[in-house]
Amino acid sequence: MTRGELEHAIRAACDVAGDDAVYVFGSQAILGQFPDAPADLRQSVEVDVSPRTRVDRVDHIDGALGELSRFHQEFGFYVHGLSLEAAKLPAGWKKRVIPVRDDVGTRGKTGLCVEAHDLAASKLAAFREKDRDFVRVLLKERLVKERVLRARLQSLRLPAEETERLVKWVKLTAAGLRAGNTT
């Protein structure tokens, strides 16, 4: 996915929802903060969004712009309308969103993209292999700082033993990357 495709997704989702802004909280939110993110972080053809005020319209977004929709067939990517509750996000994340808005790409609509450390913490909370790979690239490319990520993990609403496991994973992964182990 490219930044231009993200802007297109924001514009289309806002139009379908009848809202002026959407939260972008899946992996492609990284393009808000890092428009030229490494290709390994831009592999998804899906943009996860939730309208800022018209939360009742998530199903409309999914129907009009979702997987296998005409939009998906025409543009090669799709927009997944989801409730924000679908993601585990660190405390205070809304204060740190990266707004994506301009007069051309988003036509004045706003994508409120989850900040990189918050995104990494959310991905680790899911702890799927693809999510760990995503965070590993963020750490390797120094798009997130280990210390900040560990603090964000501490602010997730998870059982203490789960938080400890995730913090340990970050420490071990970061140490491996510093030692030159990229796997």
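Just a few scattered comments:
- Helix 160-178 vs. the chain, principal-axis angle (Cα, 0 to 90°, nearest 10): 80
- Among 25, 134, 71: highest mean-square fluctuation, GNM of the chain, C-alpha pairs under 10 Å: 71
- Close amide H contacts of residue 78 (hydrogens built in the peptide plane, cut-off under 5 Å, sequence separation of 5 or more or a different chain): 46, 47.
- Subtracting the Cα-Cα distance of residue 53 and residue 129 from their residue separation scaled by 0.36 nm leaves 24.1 nm.
- Excluding same-chain neighbours fewer than eight residues apart, the lysines reachable from residue 95 by a Cα-Cα span under 21 Å are 109, 123, 145.
Readers should treat all values here as calculations from the given coordinates under stated rules, not as data from a laboratory. Remember, predicted model here, so these are calculated numbers, not experimental data.
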